[in-house]
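*Asks:* Have a look at this one before I ask anything.
Nothing in this text is a laboratory measurement; each read-out follows from the coordinates by a stated rule. Quick caveat, the model's predicted, so the values are computed rather than measured. In this analysis, Cβ positions are derived from the backbone assuming ideal geometry, glycine residues included, and neighbour counts consider all displayed protein chains.
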Amino acid sequence: MARLSIADSQATLAAAGSDFARFLERPSCDVSLYKPVGVDSQKPHLRDELYVIASGSGGFICEARTDAFGPGDIFFVPAGTDHRFVSFSADFSTWVIFLGPRLSKDP
């Protein structure tokens, strides 16, 4: 069993001075926390992703569609799809769940 908490994971990111950290790695999926500051500059990934909004609010652009989000919302993004978070609050963070085997060029 593994237990991840938002508070502990956010503290780990802050201590590391990072906006992304992987907290669970398995052959079929990875679970990470992402907390960008100011701008989300991520590029499309090689694996499908689930984003589970942990804190904050803002907008999520996936291809040509923009949706507002808040804590508890979930977005599914197919591999290779252009996407990013915009106009997000300073307390924004999201769980990132990569689905499928990890590939060498993906985070």
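*Asks:* Go through the range 55-107 and tell me which strands (runs of 3 or more DSSP E), entirely inside it, have 1 or more residues that are free of Cβ contacts under 8 Å to residues at least 12 places away in the same chain.
*Replies:* Filter on the range 55-107 gives 65-69.
*Asks:* Given the condition under 28 Å from Met1 (Cβ atoms) and not hydroxyl-bearing (Ser, Thr, Tyr), answer yes or no: does some residue in the range 81-89 qualify?
*Replies:* no
*Asks:* Just to be sure before I move on: is Ser55 polar (S, T, N, Q), touching a Phe, Trp or Tyr at 6+ places or on another chain (Cβ under 8 Å) and closer than 22 Å to Leu13 by Cα in the structure I sent? Spell out the reasoning first.
*Replies:* Values: polar (S, T, N, Q): yes; touching a Phe, Trp or Tyr at 6+ places or on another chain (Cβ under 8 Å): yes; closer than 22 Å to Leu13 by Cα: yes.
So Ser55 fits the description; yes.
*Asks:* Can you tell me which residues in the range 20-41 are crowded, with 16+ Cβ neighbours inside 10 Å and assigned to a loop (DSSP other than H, G, I, E, B)?
*Replies:* Lys35, Pro36, Asp40
*Asks:* Tell me which residues, restricted to the range 44-58, are under 18 Å from Asp19 (Cβ atoms) and either more than 12 Å from the chain's Cα centre (by Cα) or not charged (D, E, K, R) (or both).
*Replies:* Pro44, His45, Tyr51, Val52, Ile53, Ala54, Ser55, Gly56, Ser57, Gly58, listed by residue number.
*Asks:* What is the residue count in the range 1-11 for residues that are in contact (Cβ under 8 Å) with a residue 12 or more places away in the chain and either of a type outside the set (A, V, I, L, M, F, W, C) or loosely packed, with under 11 Cβ neighbours inside 10 Å (or both)?
*Replies:* 3
*Asks:* Let me ask another. Could you run through the range 42-54 and say how many residues are part of a strand (DSSP E or B), surrounded by fewer than 18 Cβ atoms within 10 Å (Cβ to Cβ) and not hydrophobic (A, V, I, L, M, F, W, C)?
*Replies:* Going residue by residue through the range 42-54, those that are part of a strand (DSSP E or B) are 48-54.
From what is left, the residues that are surrounded by fewer than 18 Cβ atoms within 10 Å (Cβ to Cβ) are 48, 50, 52.
Imposing the further condition that a residue be not hydrophobic (A, V, I, L, M, F, W, C) reduces the set to 48.
Counting residues in the range 42-54 that are part of a strand (DSSP E or B), surrounded by fewer than 18 Cβ atoms within 10 Å (Cβ to Cβ) and not hydrophobic (A, V, I, L, M, F, W, C) gives 1.
*Asks:* Right, another one. Give me the residue from the range 75-102 that is of a type in the set (A, V, I, L, M, F, W, C) and closer than 17 Å to Leu24 by Cβ and, out of that set, surrounded by the most Cβ atoms within 10 Å (Cβ to Cβ).
*Replies:* This residue is Phe98.
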